[in-house]
1. Tell me, what is the percent relative contact order of segment 160-277, built from C-alpha pairs under 8 Å that lie six or more residues apart?
2. Roughly how many percent of the accessible protein surface of segment 116-250 is carbon and sulfur, given a 1.4 Å probe and a whole-percent answer?
3. How large is the charge dipole for the chain, taken about the Cα centre, if only the Cβ atoms of Lys, Arg (+1) and Asp, Glu (-1) carry charge, to the nearest 20 debye?
4. Once every DSSP H run of n ≥ 4 in the chain is given -39500 (n - 2.57) and the sum is divided by its residues, what mean residue ellipticity at 222 nm do you get, rounded to the nearest 500 deg cm²/dmol?
5. Can you list the residues, at least 5 places off or on another chain, whose amide H is less than 5 Å from the amide H of Gly105, using H built in the peptide plane?
6. With unit charges on the beta carbons (Lys and Arg positive, Asp and Glu negative) and the dipole taken about the Cα centre of segment 102-153, which residue among Gly104, Met117, Thr150 sits farthest to the positive side?
7. Ranked by accessible surface with a 1.4 Å probe, highest first, in what order do Met400, Met200 come?
8. Normalising by the residue count of segment 203-343, find the relative contact order in percent from Cα pairs under 8 Å and 6+ residues apart.
Amino acid sequence: MKELLTPTFLMAQKQLEDVAKLINLEEDILERLKFPRKSLLVSMPVRMDNGHVKTFMGYRVQHDLAMGPSKGGIRYSPEVDLGEVAALAMWMTWKCALMNLPFGGAKGGICCNPEEMSEGELERLTRRYTTEILPMIGPERDIPAPDMYTNEKTMAWIMDTYSNYYGYAIPGVVTGKPIGLGGSLGRIEATGRGVAFSTMYILEKMGMPSSGLDVVVQGFGNVGSVAAKRLFEQGHNIIAISDVHGGIYNKNGINIDKLINYYKETGTIKDFEASDNIINEELLELGCDILIPCAIGNVITRDNAPKLNCKIISEGANGPVTPEADDILKDKGIIIIPSILANSGGVTVSYFEWVQDIQRLFWSEDEVINKLNILLTKTLDEVYGLSQDRHVDLRTAAMMIGVGRVAEAKRLRGLYP
Ligand code: GLU
């Protein structure tokens with residue numbers, strides 16, 4: 001229990017408790033939602049390239065199983081611990097329920113530094129992890145996907161290891177796979193696309209211009225680069241953007257198409273044409289209209305929140321704003337589009353991928369994007385409408401809907417035995 005109750009997990013529990021009061025949730029149901037249903041901790045010995053064996057710790061946590069299989073990514077990071085994975089699993093539950101997907105929330109993680117590992121080491125680690133968590137996962141049980149530092153290749157290794165065990169191809173065990181293995185068109189861009197879509201929706205509601213605004217993006221991975229590209233195409237000025245190694249700034253706007261090509265050629269965004277290099281801390285505090293943190297969690301805290309100088313924050317990463325920072329930003333009048341809404345495009349297209357795999361019937365990219373836009377619009381309408389009716393912020397409204405749906409499923413199923 002001690003390992004579970006880390007500051008990040010306690011923060012997720014507190015958010016739940018606050019929302020429970022607002023929706024008059026029964027004590028008995030709250031008690032059931034406060035903890036993950038299943039958690040597995042595994043140690044994985046891996047033969048490294050130098051011939052020695054190194055042991056890694058890995059986790060898979062399933063927070064809720066009331067409405068279907070559980071769903072959520074697997075992250076590779078030196079920061080990973082049980083509390084973080086459990087908090088992320090809980091947020092996945094609210095995210096899936098908010099989007100009306102027939103899933104509970106889950107998350108996995110391996111404590112490792114992927115930047116220092118070779119591809120062979122990562123493959124052996126991934127396959128060993130899959131073997132260890134094998135009884136917990138499956139298309140009907142729990143379906144992993146990419147998250148920080150995992151990608152299509154990681155998902156292909158998991159799918160292959162899992163399928164080898166059963167003796168036939170089981171593509172539905174993971175989402176975010178390569179297209180050639182049953183992946184979905186549009187999945188890679190889905191999270192960033194959803195971030196940009198929700199941001200544009202809120203701009204319209206706030207009566208702000210649909211182009212020409214100054215945007216700052218933290219993170220140039222799968223989420224940040226796509227969100228930046230979409231908003232750049234829309235005519236907004238991306239005045240600063242960063243990756244793990246640092247950021248670049250140009251007050252007149254950065255050409256994101258050119259930057260993506262530059263990154264492909266050089267492997268960095270540093271020293272890009274006509275821009276100044278800046279550090280990540282400075283980037284968050286730049287004056288802008290929209291700030292989009294798409295890197296890691298807890299980057300906006302009570303220390304830097306008072307210095308933030310934006311009108312809207314769109315959370316591309318999971319949990320980038322701490323609850324204390326949330327209160328400070330609310331007082332400053334900054335509108336936050338919460339991660340369970342802003343970045344829900346990823347898991348939504350994961351759901352589409354799972355459906356396509358099960359049906360063995362694949363959709364065109366347009367079909368995927370149209371379905372995503374329809375679901376996002378419906379959910380944004382619901383969240384925005386509730387926030388207006390109940391005079392609460394968007395995070396609270398999104399949580400009220402998500403938690404309310406899971407609670408209703410628990411109520412309907414009853415308690416066994
Ligand atoms: N890791 C992503 C998230 O946090 C995607 C999860 C999924 O596709 O299952 O939402």
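1. 17 percent
2. The computed percentage sits at 51.
3. 1040 debye
4. -14500 deg cm²/dmol
5. Here His63, Asp64, Lys71, Thr93 satisfy the definition.
6. Gly104
7. Met200, Met400
8. Worked out over segment 203-343, it gives 21 percent.
The values are calculated or read from the model by the stated rules, or taken from the named source; none is laboratory data. Keep in mind that this is a model prediction, so the values were computed, not measured. All Cβ positions, glycine included, derive from the backbone under ideal geometry; neighbour counts span all protein chains shown. Only protein heavy atoms, including side chains, enter the accessible area calculation; ligands, DNA and RNA are left aside. Shrake-Rupley method; radii C 1.70, N 1.55, O 1.52, S 1.80 Å.
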